[in-house]
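The values are calculated or read from the model by the stated rules, or taken from the named source; none is laboratory data. Predicted model, so just to flag it, every value in this text is computed and none were measured. Side chains included, ligands, DNA and RNA excluded: accessible areas come from the protein's heavy atoms. Shrake-Rupley method; radii C 1.70, N 1.55, O 1.52, S 1.80 Å.
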Amino acid sequence: MSEPILPFIEFLQNNIGRRALFLTAEFPFISIGEILEIIEDVRVAVDTAEQPIFENRNWIIHIDAILVLYIETEGFPKSPS
């Protein structure tokens, strides 16, 4: 992995267990759920997605494909469900 991406991976690792919204360059484009672990990519328990068929499953999201990331934080708006 390249050095510029390492701080992003560390940020993701620090937020394991939190709910997040991912917008990606790959279909399905929207995934919302709990960050489970960081392997080479991000494993997410997706509860809300663009299409219902992608919901209530664990998915691997490629770190390089993440265009926008919003992690739920106390005092800020929640991700849609």
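Sequence-distant contacts, meaning Cα pairs under 8 Å at least 6 residues apart, place the relative contact order of the range 12-81 at 33 percent.
Heavy-atom accessible area with a 1.4 Å probe sorts Thr48, Thr73, largest first, into Thr73, Thr48.
Computed with a 1.4 Å probe on the full set of protein chains, the accessible area for Ser81 sits at about 130 Å².
Here is the P(r) of the range 10-49: all C-alpha pair distances, binned every 10 Å from 0, give 33, 58, 9 in whole percents.
Send over the semi-axes of the chain's equivalent ellipsoid, whole angstrom and largest first, taken as the square roots of 5 times the C-alpha gyration tensor eigenvalues.
Computed over the chain, the values are 19, 15, 11 Å.
When the Gaussian network model of the chain links Cα atoms closer than 10 Å, the mean-square fluctuations of Glu34, Glu55, Glu26 top out at Glu26. Of Ile71, Ile63, Ile53, the residue with the greatest mean-square motion in the GNM of the chain, using alpha carbon springs below 10 Å, is Ile53.
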